[in-house]
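Coordinate-derived values only; no laboratory data. Predicted, not measured: the structure shown is a model, and the values here were computed from it. Neighbour counts are summed over all protein chains in view; Cβ atoms, including those assigned to glycine, are modelled from backbone coordinates with ideal geometry.
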Amino acid sequence: METVRRGLEGVLVGKRIARLDQRRPDLRIPLPDNFPARIEGRRVVALERRAKYMLARLDDDQVWLIHLGMSGRMGILPAGHDHPPAGPHDHVIFETEDGVMVRFTDARRFGLMTLCSSADLAEHPLIKGLGPEPLAEDFTGERLAAALKGKRTPIKAALLDQRVVAGIGNIYACESLYYAGISPKRSAHTVRGERAGRLVAAIKQVLTAAIAAGGSTLRDHIQPSGELGYFQHSFAVYDREGDTCRHCETVGSAVVNGAPAAVPVIRRLVQSGRSTFYCALHQR
DNA sequence: ATTGGTTCCTGCTGGC
DNA sequence: TGCCAGCAGGAACCAA
C-alpha cells in the first residue's frame, strides 16, 4: 500500500476529483450513500497511509479510506491517451481535473472504499485499535514485547493481528520471522528482550526493502501500480517450499562434523488457515 | 479475554 | 486436452 500511495501522490495531491464513476456498490462493504456526489468536486489535500489503508484527505474534511484487500489495484491512466475499455472488475473509476484517470480494480472484492469525517477517523471501526506502524521510530522490541505479553498464540499469528502491529501481511510475516531466526510456531509471549529486538529489526528491514523495490517499479513508468514489483522475486521463504534455506546454506549449518547433514529445506505449514513458510533448522 | 474457525470472492492450479 | 474442485488470502465476524 505504501508503494501505491507513493505512486498516486503526484497524481492526486492538490488536484480536484472531477468525476467519479461507481460501477458497482458492493465491495467488501457497501460503498457509502451518494458516494460519487460526495467525492466529485473535492480536492485531495493529502494522501496518507495507516496500516494497509490509504487515506485521501479531502478539502471538506472528509477522509476517503481505501483498502486493496488481496487483489485490489489502482491503475493510473495518463491524460491525453486512449485507454483500454473498463473491465468487469473495474469497480470505481475517477478522473482528476487534469484528466488523469484512476481505476480501482479488484477481482475478489476483498478491498473497500468508504468515507468518514476527519474528526471521526481515529474512532472509525476500521482504524481504531490498529497497532503501531512498523516503520515508526517508536515501534521497538520493547513495544512489541509488551503487545505480545500474555499471548499464547503462535508468533506468526500474532504478527498478522493488526492490533499488535499494523500493516503486516502473510508474506512479510513469514519473511520477517525468517530473517529474525524465529520459529513461526513459537509462543508469542516468549518473543521478548533481544529476540523481540531482532524481530523488529527484521520487520523494518523487510518492509523497507519491499517498499524500495516496489518504488523502483513505479519510478520507471506510470502504469497500474500496487504490483508486487521486483520484491516478489527476492522472497527468502515465501512460496519457496522445498527450496534450500539460503541462510543455512551460507553459514554452513548443513554441515555436521565435516559431513553434509540433511539439507535444510524451506517447509510449509498452515497456521490459522494461512500458509507459513520457514526453515526449521535455523528458525527457533 | 483470547483464540481458532468460517466467510466473503474469483483466478489460478493440480489432479484426473 | 480439458474440466473442475480446491486453494489462496485480509480481516470482520462468530463461537467456544
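Things to note:
- Remark: A:H91, A:H83 ranked as A:H83, A:H91, counting other beta-carbon atoms within 10 Å and listing the fewest first.
- Taking a ≥ b ≥ c as the square roots of the eigenvalues of the Cα gyration tensor, an a/c ratio of 1.5 or more together with a/b larger than b/c marks region A:78-176 as prolate.
- Rounded if a/c under 1.5, otherwise prolate or oblate - region A:116-173, Cα gyration tensor axes: prolate
- Cysteines not pairable in chain A (beta carbon separation under 4.7 Å absent): A:C116, A:C174
- Placing unit charges on each Cβ (+1 for Lys and Arg, -1 for Asp and Glu) gives chain A a dipole about its Cα centre, and among A:H67, A:I182, A:A122 the Cα reaching farthest toward its positive end belongs to A:I182.
- Placing +1 on the Cβ of every Lys and Arg and -1 on the Cβ of every Asp and Glu, with no other charges, gives chain A a dipole of roughly 1200 debye about its Cα centre.
- Cα-Cα over 18 Å, subset of A:K151/A:K185; A:K52/A:K204; A:K149/A:K204; A:K156/A:K204; A:K52/A:K128; A:K128/A:K149: A:K149/A:K204; A:K128/A:K149
- Packing rank of A:173-185, A:1-13, where each peptide gets the mean count of other beta carbons within 10 Å, highest leading: A:173-185, A:1-13
- With both labels modelled 7 Å from their Cα along Cα-to-Cβ, the A:D243 to A:E97 distance reads 4.7 nm.
- Mean residue ellipticity (222 nm) of chain A, computed from DSSP H runs ≥ 4 via -39,500 (n - 2.57), nearest 500: -8000 deg cm²/dmol
- An ellipsoid equivalent to region A:32-100, defined through the eigenvalues of its Cα gyration tensor, has semi-axes of 21, 17, 13 Å when rounded to whole angstrom and sorted largest first.
- In region A:47-86, the convex hull through the Cα atoms has an average projected area of 4.3 nm², a quarter of its surface area.
- Isotropically averaged projected area of chain A, using the convex hull of Cα atoms (one quarter of hull area), nm²: 16.6
- Per-residue HN-Hα couplings for region A:152-162 [Karplus 6.51, -1.76, 1.60; θ = phi - 60°; Hz; x = Gly/Pro]: 9, 6, x, 4, 4, 5, 5, 5, 7, 7, 5
- Here r is the Cβ-Cβ distance between A:E137 and A:I29 and R0 is 22 Å; the resulting FRET efficiency, rounded to 0.05, is 0.10.
- Residue-wise HN-Hα couplings along region A:37-45, as the Karplus relation 6.51 cos²θ - 1.76 cosθ + 1.60 with θ = phi - 60° gives them from phi, are 5, 7, 9, 4, x, 7, 9, 7, 9 Hz; Gly and Pro carry x.
- A DSSP coil position with no more than 16 other Cβ atoms inside 10 Å describes the following GluC sites (Glu not before Pro) in region A:103-164: A:E137.
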